[in-house]
Each structure stands twice: as C-alpha cells, then as structure tokens.
Amino acid sequence: MTVDERTELQAQLSEAKQALHKLEIGQSAVTLSYDGESITYTAANRTSLQAYIRRLQAELGVPTQANPRIFNIQGRKGYRP
C-alpha cells in the first residue's frame with residue numbers, strides 16, 4: 001500500500017467514524033462519498049456503516065476488538081488476599 005493510498009483510507013475511516021457518531025447522537029441520515037460514489041446511511045442501516053468501518057480498519061491493519069468483554073468482579077465474603 002502506498003503512502004497516498006494509506007492516507008486516503010485513513011481519511012475515509014475518519015469520515016466514517018464521524019458519520020457513525022452523528023447517527024449515534026440522533027442525526028437521521030449521513031452521506032459518505034468515496035471512489036466517485038455516495039452512500040447514505042440511516043439508523044436503520046447503522047450496522048452496514050459499522051461493517052464499512054471494520055473493513056477500512058482491516059485494510060489499514062488497525063487492531064479491533066470484535067467482542068469487547070466486560071467482567072463483573074465481586075468480592076467474596078471472608079476473602080482475604
């Protein structure tokens with residue numbers, strides 16, 4: 001991948017993340033343009049936008065965590081380290 005291609009992918013990723021943020025805060029639709037085409041995403045097809053972001057991250061080699069884990073650690077009564 002050339003420096004110019006990487007720069008273009010990074011710009012597309014940034015734009016896609018901003019678009020997802022706008023949907024998350026309530027904007028009804030966002031339009032992205034790349035490779036001479038435009039696509040409009042709405043809250044209804046937010047998962048398509050998330051998939052697009054993951055594809056861009058994969059192309060750039062950005063590590064992602066598909067299924068973040070949340071641990072709930074509770075103390076046990078009488079437990080002393």
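The values are calculated or read from the model by the stated rules, or taken from the named source; none is laboratory data. Computed from a predicted structure; not experimentally measured. Cβ coordinates were reconstructed from backbone atoms using ideal geometry, including for glycine residues, and neighbour counts include every protein chain displayed.
What about Gln10, is it out of contact with any Gly (no Cβ under 8 Å at 6 or more places or on another chain) and at pLDDT 95 or above?
Details: out of contact with any Gly (no Cβ under 8 Å at 6 or more places or on another chain): yes; at pLDDT 95 or above: yes.
When the stated conditions are applied, Gln10 passes them.
Starting from segment 23-46, take each residue that is assigned to a helix (DSSP H, G or I) and list its partners that are among the small types (Gly, Ala, Ser), counting only C-beta distances under 6 angstrom and pairs at least six apart or across chains. Pairs that qualify, where the first residue is assigned to a helix (DSSP H, G or I) and the partner is among the small types (Gly, Ala, Ser), are Leu23/Ala43.
Go through segment 58-68 and give me each residue that's modelled with pLDDT of 90 or more and either exposed (fewer than 10 other Cβ atoms within 10 Å of the Cβ) or closer than 21 Å to Thr31 by Cβ (or both). Outline the logic, then answer.
Initially, segment 58-68 is screened for residues modelled with pLDDT of 90 or more, giving 58-61.
Residue satisfying the conditions is Gly61 alone.
Hey, can you tell me all the residues within segment 23-42 that are more than 27 Å from Glu5 (Cβ to Cβ) and more than 14 Å from the chain's Cα centre (by Cα)? Selection gives Ile25, Gly26, Gln27, Ser28, Ala29, Thr42.
The residue that is nearest to Ala11 (Cα to Cα), among those in segment 29-49 that are surrounded by 10 or more Cβ atoms within 10 Å (Cβ to Cβ) and among the polar types (S, T, N, Q), is Ser33.
Residue by residue through segment 8-28, note down the ones that are more than 12 Å from Glu59 (Cα to Cα) and surrounded by 11 or more Cβ atoms within 10 Å (Cβ to Cβ). Answer for segment 8-28, where residues must be more than 12 Å from Glu59 (Cα to Cα) and surrounded by 11 or more Cβ atoms within 10 Å (Cβ to Cβ): Ala11, Ser14, Glu15, Ala16, Lys17, Gln18, Ala19, Leu20, His21, Lys22, Leu23, Gln27.
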